[in-house]
Amino acid sequence: MKLQKTIRRKRMGGLLAVLALMFGLLPAAVSAQVSSIADKQSGENSGSELPTVLKGAAIDQHLNTTLPSVPFVDETGKAVNTADYFNNGKPAVLALVYFKCPMLCSEELDGLVQGLAMVHLDPSKDFNVLVVSIDPTDTPTDALKEKKLYAKRYARPGTEGGWHFLTGQQASIDAVTKAVGFGYVKIPSPDGKTTQFAHASAIQILTPEAKIAQYYLGVEYAPKDLLLGLVEASDHKIGSPVANILTYCYHYDPHRNKHSLIVARVVQLGGMITVAGLGGFMFLMFRRDLKLGRENALTRKDDRT
């Protein structure tokens, strides 16, 4: 009995240590910046402070704000208006990206497609998906290429009419991004041949009246959250603000200029820390239990002799 109590006390002490590690490191992990091998960041930055370029790429949640009625062009080259997608009593999913994005936008759209693939509602029949480019140099040809790619990945024939990939002039882009609270920073490359954008990743759910009902941040979206958001938006309900844990992206080719920007992403490392901590804790506890068990067996054997 004394041995068992000792083991339980030691296990409890180890568990408390792991919990302290988790909660002590999680706040720092939220603001951690991660980049791949040989990547670098530019601009003044220290500790958990964001790079200067990302300070203009925040997302302010403008719940209950109406998306403005402004002109765009769809993937077929047809002139359209944002209001065209809110005259049928259906909610909509809005994604602000740009079609030449080398990194984050494709991950965001992949996450959206994967999440919606698990939702029993269908684009066109039950809701619309608006993918709006923030780059005025994107063309309907670029938009059509993206639509074909993601419609194929979505793999639900008959729903293509619910996916709308829009391009437009700077005035229309500014009106939409301002209403949504979507901050981004235009970054011309040193050679002047390409333009990229520092931006965060998020999608929005809009009501049939084009009011912003919910924000989902990051690049992965839980199907149950998407379903709930669409159902509540269709019932004209406005959700609550969510925690501003953002994923950022900006990228330049390092071979063109030694001062080029690469990728800077803000991610949570709490999960990795938790798994590593619990794994190490369990390993140590198993070894300790095995050692104590052997010592106990030897003690009993000596007592019998």
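Here is a check on your reading of the model: is Glu209 in a loop (DSSP other than H, G, I, E, B), at pLDDT 95 or above and touching a helix residue (DSSP H, G or I) at 6+ places or on another chain (Cβ under 7 Å)? It is true that Glu209 is in a loop (DSSP other than H, G, I, E, B), at pLDDT 95 or above and touching a helix residue (DSSP H, G or I) at 6+ places or on another chain (Cβ under 7 Å). In the set Gly218, Gly168, Gly183, Gly161, only one residue is within 17 Å of Leu96 (Cβ to Cβ) and modelled with pLDDT of 95 or more; that residue is Gly168. The residues in segment 153-199 that are part of a loop (DSSP other than H, G, I, E, B), closer than 19 Å to Glu108 by Cα and in contact with a Phe, Trp or Tyr (Cβ under 6 Å, 6 or more places away or on another chain) can be counted, and the count is 0. Annotation note: Cβ proximity below 9 Å between a residue of segment 173-186 that is surrounded by 15 or more Cβ atoms within 10 Å (Cβ to Cβ) and a residue that is among the charged types (D, E, K, R) (sequence gap 6+ or interchain) occurs for Ile173/Asp135; Val180/Asp60; Gly181/Asp60; Phe182/Asp60; Gly183/Lys55; Gly183/Asp60; Val185/Lys55. State whether one or more residues within segment 98-110 are of a type in the set (Gly, Ala, Ser), modelled with pLDDT under 95 and farther than 17 Å from Phe182 by Cβ. Yes, segment 98-110 contains at least one residue that is of a type in the set (Gly, Ala, Ser), modelled with pLDDT under 95 and farther than 17 Å from Phe182 by Cβ.
Condition check ((1) crowded, with 16+ Cβ neighbours inside 10 Å; (2) assigned by TED's automatic domain parsing to the domain that holds Leu217; (3) over 18 Å from Gln214 (Cβ atoms)) across all residues:
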| site | (1), (2), (3) |
| --- | --- |
| Lys90 | yes, yes, no |
| Ala95 | yes, yes, no |
| Ser106 | yes, yes, yes |
| Leu116 | yes, yes, no |
| Asp122 | no, yes, yes |
| Thr141 | no, yes, yes |
| Ala151 | yes, yes, yes |
| Gly161 | no, yes, yes |
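Filtered by the rule that a residue be among the acidic types (Asp, Glu) and in a helix (DSSP H, G or I), segment 60-119 gives Asp84, Glu107, Glu108, Asp110.
The values are calculated or read from the model by the stated rules, or taken from the named source; none is laboratory data. Just so it is clear, the structure is predicted and the values come from calculations on it, not from any experiment. Note that each Cβ is placed from the backbone with ideal geometry, even for glycine, and that neighbours are counted across all protein chains shown.
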